[in-house]
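Reviewing the structure listed below.
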Amino acid sequence: LAYGIIGDDNRIGNMFDQPTRNPQVQLSFNIPIFDWGERKARIEAQEATIKSAEINLDEQRKQIIIDIREVYRNLQNQLNQIEIAKQSERNAQLTYEINLERYENGDLTGMDLSLYQNQLSSRKLAYAQALLNYKLELLNLKIQTLYDFEKKQPILPSELYKINQ
């Protein structure tokens, strides 16, 4: 729908001072009879986009499950490493104590005792490293799952947790 007055003048400022006496009202409709498949093509493109998004979502879900399983296996491996390191430290401690007694009896030199002491220190460091690796993997699991397994509670922000309930 359009309504207007037509004006002519050499200068723009005076254009509508004396408009022509030819007012117009115009009404027009645009009804497409044929869109040459444009609408159908847009619908198919959007359906393809939706299908692609659904496939991506499914792939992301699968990848999340795979990642969580991998972290869980790593945690189990870290627990084994902790046990191995703990036993190794105990063995090194016993070896050191035996050799310290031998040193005190004069059967072992200070250099040899130093070697056993370094071995004990190395085993203690390996045990501490195994504990640290376990804690890091536990943190990774916490990040992957948004759940704190030590405290047995979700780590979602409370606002999001309330919305999901």
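The values are calculated or read from the model by the stated rules, or taken from the named source; none is laboratory data. Everything quoted here is computed from the prediction, not taken from an experiment. When we count neighbours, we look across all protein chains shown, and the Cβ atoms used for this are built from the backbone with ideal geometry, even at glycine.
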query: Could you say which residue among Ile64, Ile68, Ile31, Ile43 is part of a loop (DSSP other than H, G, I, E, B), at pLDDT below 95 and either aliphatic (A, V, I, L, M) or surrounded by fewer than 12 Cβ atoms within 10 Å (Cβ to Cβ) (or both)?
result: Ile31
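Here's the yes/no breakdown for (1) basic (Lys, Arg); (2) modelled with pLDDT under 95; (3) part of a helix (DSSP H, G or I):
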residue: Ile82; (1), (2), (3): no, no, yes
residue: Asp107; (1), (2), (3): no, yes, no
residue: Asn118; (1), (2), (3): no, no, yes
residue: Glu159; (1), (2), (3): no, yes, yes
- request: Keeping to region 35-76, report how many residues are of a type in the set (Ser, Thr, Tyr) and over 19 Å from Ile143 (Cα atoms).
  value: 2
- line: Reported set for region 111-159 where residues are surrounded by 15 or more Cβ atoms within 10 Å (Cβ to Cβ), under 14 Å from Leu79 (Cα atoms) and of a type in the set (D, E, K, R) is Glu137
